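Nothing in this text is a laboratory measurement; each read-out follows from the coordinates by a stated rule. Quick caveat: nothing in here was measured; it's all calculated off a predicted structure. Glycine also receives a Cβ, built like all others from the backbone with ideal geometry; neighbour counts cover every protein chain displayed.
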Amino acid sequence: MPSPDVMDQYETVIGLEVHCQLSTNTKIYCSCPTSFGAAPNSNVCPVCLGLPGALPVLNKRAVEMAVQAAFALNCRVNPFSRLARKNYFYPDLPKGYQISQFNQPLAEFGHLDIVVNGTGERIGVTRIHIEDDAGKSIHDGFRDSERYSYVDLNRCGTPLIEIVSEPDMRSSEGAYQYLTALKQALQFVEVSTCDMEKGHLRCDANVSVRRRGAEQFGTKVEIKNLNSFRFVKMAIDYEVARQVAMVERGQRIAQETRLYDVGNGETVSMRSKEQAHDYRYFPEPDLVPLEVSEEWAGTLRKAMPELPDAKRKRFVETYGLRDYDAQVLTLTRPLSEYYERAAAASSDAKAAANWVMGDLLGALKAEGKEITESPVTPEQLGELVSLIGNGEISGKLAKEIFPKMFAGGESARTIIDREGLKQISDTGALESIIDEVLAANPKQVEQYRGGKTGIIGFLVGQVMKASRGQANPQVVNDLLRAKL
């Protein structure tokens, strides 16, 4: 592979094509369910099987989700678009064509703002169009010297949107950040789960290289069917190095489709693309053109939730959070909503953020649970933060109470009352504990009085230990200094 100095002489140009499955209950042109995991070829009917005489009917909910996805990606939704047949033949495509869109797509001219290595970048979204998915070929390997392949048509007719970016990305990290922002936006508006393990989000990467300063793009290579963001990044890095090495040797880069071999960490040739494949697009004769009225589009826009970028900015301005904290708390819509409810129930929004990001997310990760499965409600967490803020319990005591809340789903107040864990602020009660601690640690007392004042932290810790964490730390500090 080329040295870093050689690689620095080239610029990478990347464009992504992302297929996203919409979260409708039924398919895009029939009423078959879209549920995952059903028995092979059980969620099918004459329409999605392409049987003669079966006519498609467009799913209105799929169109609504596609429009909201377009708004989430800052696209212009076209008032008039047309469905078209995309003809090709493959075993898992029973109709012999997809119902897609060609030169009149649903939406165009969008963008996503991302941050790459601390620098803001705007990535253009060329177009979004709707289409139906194909089925799935399952290759079972060899048995009795014969190779067996099966076709499951349950996925046929599942509603998709294809999101085509401009070739604006200049690194694999940029592609990774773009996909992350794209997935987050689609999940926030709840048009897709974007579950890559179930095939709900799939990515093809178009990659080329050119000398720095050159205006003309190099020959593009398409890497197909990348099913994780990490593999997208790895595949692009390998492909860029491969192309640079070829250019340096004076070799011609072939326009082709390649696959990423995860085991070897390499891209491998799949088929040549010297000429564009002729899909023989023509307007779908069984479906009328799609019209999205201004009124309908306006209603759909109003129904959308606050998007991630806007929410991050508001968290910083309203709650005084750091940019990093706001980013973490808006990773998913359920997490952002949990935090807002916890902040509203607490006396300190910043402290609530720390508890959500630290103790709560840590406990959920250890249990393999999502934020929606948290046994601690936002209001319970907010109450715990408030109890610390008003001095009823110490932060140390709260750290002991929280695991009990998580284990049993009880409120902090219930646990405190049952176990007698209220913070001790009474000076008389604390003085007796402090006297015992000072008597038991004469060496540390002598060190403090000799000028080593930092030792008071040790003495405070001993008092907290003796009081089972119930002593008020500030009162203990004040009393210790007075006695010393």
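Side notes on the structure shown:
- Ordering TYR178, TYR319, TYR339, TYR260 by the number of other Cβ atoms within 10 Å of each residue's own Cβ, fewest first, gives TYR319, TYR260, TYR178, TYR339.
- Using the Cα coordinates of the range 229-363, the gyration tensor eigenvalues translate into equivalent-ellipsoid semi-axes of 45, 30, 13 Å, sorted from longest to shortest.
- Value at 222 nm in deg cm²/dmol, rounded to 500, when DSSP H runs of n ≥ 4 in the chain each add -39,500 (n - 2.57): -11500 deg cm²/dmol
- For ASP5 and PHE36, the FRET efficiency from 1/(1 + (r/R0)^6), where r spans their Cβ atoms and R0 equals 30 Å, is about 0.05.
- Estimated at 0.36 nm per residue, the fully extended path between TRP296 and SER269 surpasses their Cα-Cα distance by 5.2 nm.
- Spin-label proximity, THR377 to the range 402-420 - amide N less than 19 Å from point 7 Å beyond Cα toward beta carbon: 402-418
- Summary of packing: across the peptides 300-308, 325-333, the per-residue average of other C-beta atoms within 10 Å ranks them, highest first, as 325-333, 300-308.
- Residue-wise HN-Hα couplings along the range 194-202, as the Karplus relation 6.51 cos²θ - 1.76 cosθ + 1.60 with θ = phi - 60° gives them from phi, are 6, 6, 5, 5, 9, x, 6, 9, 9 Hz; Gly and Pro carry x.
- Considering all C-alpha pairs of the range 427-483, those separated by over 13 Å amount to 53%.
- Each label was represented as a point 7 Å from its Cα along the Cα-to-Cβ direction; for GLU197 and ALA344 these points are 3.2 nm apart.
- Under Karplus coefficients 6.51, -1.76 and 1.60, residue-wise ³J(HN,Hα) of the range 252-257 in Hz, glycine/proline x: 8, 7, 7, 6, 8, 9
- Placed amide H near ASN41: partners under 5 Å, 5+ positions off or other chain: LEU153, ASN154
- The 3J(HN,Hα) values that the Karplus relation (6.51, -1.76, 1.60; θ = phi - 60°) gives for the range 93-110 are, in residue order, 10, x, 6, x, 7, 9, 8, 10, 9, 10, 8, 10, x, 5, 8, 8, 6, x Hz. Gly and Pro appear as x.
- When each of the peptides 124-134, 186-196, 78-88, 247-257 is scored by the mean number of other C-beta atoms lying within 10 Å of its residues, the order from highest to lowest reads 124-134, 186-196, 78-88, 247-257.
- Subset of LYS95/LYS224; LYS95/LYS183; LYS27/LYS198; LYS60/LYS313; LYS443/LYS465 violating a 27 Å alpha-carbon distance limit: LYS95/LYS183; LYS60/LYS313
- R0 of 25 Å, Cβ-Cβ distance ASP417-ARG314: FRET efficiency to nearest 0.05: 0.10
- Percent of C-alpha pairs per 10 Å bin in the range 1-126, short distances first: 10, 30, 28, 18, 11, 3, 0.
- Take each peptide in 396-406, 233-243, count the other Cβ atoms within 10 Å of every residue, and average; sorted highest first, the result is 233-243, 396-406.
- Available extension along the chain between LYS483 and MET246 is 77.5 nm, counting 0.36 nm per residue and deducting the alpha carbon span.
- Cut-off under 5 Å, modelled amide H: who pairs with GLU266 long-range: ASP261
- Rg and Dmax of the chain, Cα atoms only, in Å: 30.0, 98
- Computed on the Cα atoms alone, the convex hull of the range 198-306 gives a volume of 233 cubic angstrom per residue.
- For TYR97, distant residues with modelled amide H under 5 Å away: TYR88
- Here's the list of lysines a cross-link from LYS365 could span, going by alpha-carbon distance under 19 Å and ignoring same-chain residues fewer than 8 apart: LYS399, LYS404.
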